[in-house]
1. Taking region 156-176, which residues are within 28 Å of residue 17 (Cα to Cα) and surrounded by 14 or more Cβ atoms within 10 Å (Cβ to Cβ)?
2. Evaluate the following for residue 150: is it loosely packed, with under 15 Cβ neighbours inside 10 Å, in a helix (DSSP H, G or I) and in contact (Cβ under 8 Å) with a residue 24 or more places away in the chain?
3. How many of the residues in region 126-147 are in contact (Cβ under 8 Å) with a residue 40 or more places away in the chain and either over 17 Å from residue 25 (Cα atoms) or buried (at least 19 other Cβ atoms within 10 Å of the Cβ) (or both)?
């Protein structure tokens, strides 16, 4: 895939912290780590999106322990980090501008949370004209009041994939 970038969303310690971390958190980090390793080997640009929950967010307040990236997927020097305060990393315009400067047309997406930031970033990016390849097994969320995390993930894969918003592929099958 030429003109492709890897977009890792909110793989932060505050969302992955045990025992209340997201569903399959360790597996998602492992899959994202492998995607990141392969993207770097192929010299594919990597963008890290990080959520700032504000001073009242015990898990994701800026500069608190939970705000930082999981060490297995932490950015290297030179890899852009896009901080956001909403579910989409595209709101400020910085992410879109940086992707366009590199001529990026396709985004490989993995991270957290399926029903918020993954969904929002995929939809906004698609509306901006990007092709989206969602690693169908490398995103996750928490159980909700009416659906389990597994049900939420299946639902979003079906809705996003079925609507043509994204193409779905297991992380191991994504080639850079």
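1. Scanning region 156-176 gives 156, 157, 160, 168, 169, 171, 174.
2. yes
3. Total meeting the criteria: 8.
Bear in mind these aren't lab numbers, they're just calculated from the coordinates by the rules spelled out. Predicted model only: the values in this text are computed from it and were never measured. For neighbour counting, all protein chains shown are included, and Cβ atoms are generated from backbone atoms with ideal geometry for every residue, glycine included.
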